[in-house]
Amino acid sequence: GVIYCQSGTGNNKSCNTSQAIPTEQPWPVSDSNIASWKDAAVAGGTTTGNVTVAGSSTQSLGPRKIVGDLSVGGSGILTVTGTLWVTGNLTINGAAIMKLSSAYGSGSGVVIVDGRVTIAGSSPVTGSGTAGSYIMLVSLSDCPTSSSCASAKAIDISGAAGAVVLVAQNGTIAFSGSASAKQATGYAINLSGATQITYESGLANMNFTSGPSGSWTIDSWRETQ
């Protein structure tokens, strides 16, 4: 379709500059949302130290605060049974799977990560198995802005991420290779290779809960132009 911009040079497609600057919209995830999710995670207890699900192991986790990194690798399976808060980094690679408990039904779950999120290989992140269920991964990292990032991004996706919603309001989301996701919101988004972001109509009003029996939700979730 038509590409709209305020100004542009060196483009290999024409750029229509006839439109006004769009009205700035608030981020879909507020600070109060994040604080509520963190509280929900802490209510389930705190694990101090890195948590690893590797090999062909399976583990259920949540609600939980993890003071450290969370890694899911090999052909491991992590079933998310409540809101997770990871103070370090989240890494999912190999043929590993992170999925919501089936008890979520049509609801969606949240994983808050203070650091970076990396998804590589054929590692899918999936909902409960019911249509309209997703996992939202929220990175609070500002990478690659800080010098400690060493050019790393807040969220780096190089595989088919699955039924996942990605949020990095302070940093960059980078898609490469055959990466894909259902939705992405970031301070900046980089796309390369055969990447796909497929927005689904149901994402306008997702029901995020603190767990299978959660009593609170986001009242509205909407992408705007």
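Checking the condition touching a residue at least 24 places away in the same chain (Cβ under 8 Å) and either in a strand (DSSP E or B) or over 27 Å from Ser32 (Cβ atoms) (or both), which residue from Ser128, Ser122, Ser141, Ser106 passes?
On the way: Ser128 fails: either in a strand (DSSP E or B) or over 27 Å from Ser32 (Cβ atoms) (or both); Ser141 fails: either in a strand (DSSP E or B) or over 27 Å from Ser32 (Cβ atoms) (or both); Ser106 fails: either in a strand (DSSP E or B) or over 27 Å from Ser32 (Cβ atoms) (or both).
Among Ser128, Ser122, Ser141, Ser106, only Ser122 is touching a residue at least 24 places away in the same chain (Cβ under 8 Å) and either in a strand (DSSP E or B) or over 27 Å from Ser32 (Cβ atoms) (or both).
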Completion exercise
Residue pairs within 6 Å by beta carbon, gap of at least six or interchain, first lying in segment 27-56 and closer than 25 Å to Gln169 by Cβ, second modelled with pLDDT under 95 and aromatic (Phe, Trp, Tyr), listed first then second, are Pro28/Trp221
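Here's the yes/no breakdown for (1) closer than 24 Å to Ala95 by Cα; (2) at pLDDT below 85:
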site: Asn12; (1), (2): no, yes
site: Gln19; (1), (2): no, no
site: Val29; (1), (2): no, no
site: Lys38; (1), (2): no, no
site: Thr48; (1), (2): no, no
site: Thr52; (1), (2): yes, no
site: Ile66; (1), (2): yes, no
site: Leu70; (1), (2): yes, no
Handout entry: Subset of segment 152-175 [closer than 11 Å to Ile119 by Cβ, open to solvent by 10 Å² or more (accessible area, probe 1.4 Å) and either touching a His at 6+ places or on another chain (Cβ under 7 Å) or not in a strand (DSSP E or B) (or both)]
Key = Ser158
Practice task
May I ask you to list the residues in segment 15-44 that are small (Gly, Ala, Ser), exposed (fewer than 10 other Cβ atoms within 10 Å of the Cβ) and over 20 Å from the mean Cα position of the chain (by Cα)?
Solution key: Ser18, Ala20
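The values are calculated or read from the model by the stated rules, or taken from the named source; none is laboratory data. From a predicted model like this one, the values you see are computed outputs, not experimental measurements. Neighbour counts run over all protein chains shown; Cβ positions are idealised from the backbone, glycine included. Just the protein is used for accessible areas: all its heavy atoms, side chains included, with ligands, DNA and RNA removed. Shrake-Rupley method; radii C 1.70, N 1.55, O 1.52, S 1.80 Å.
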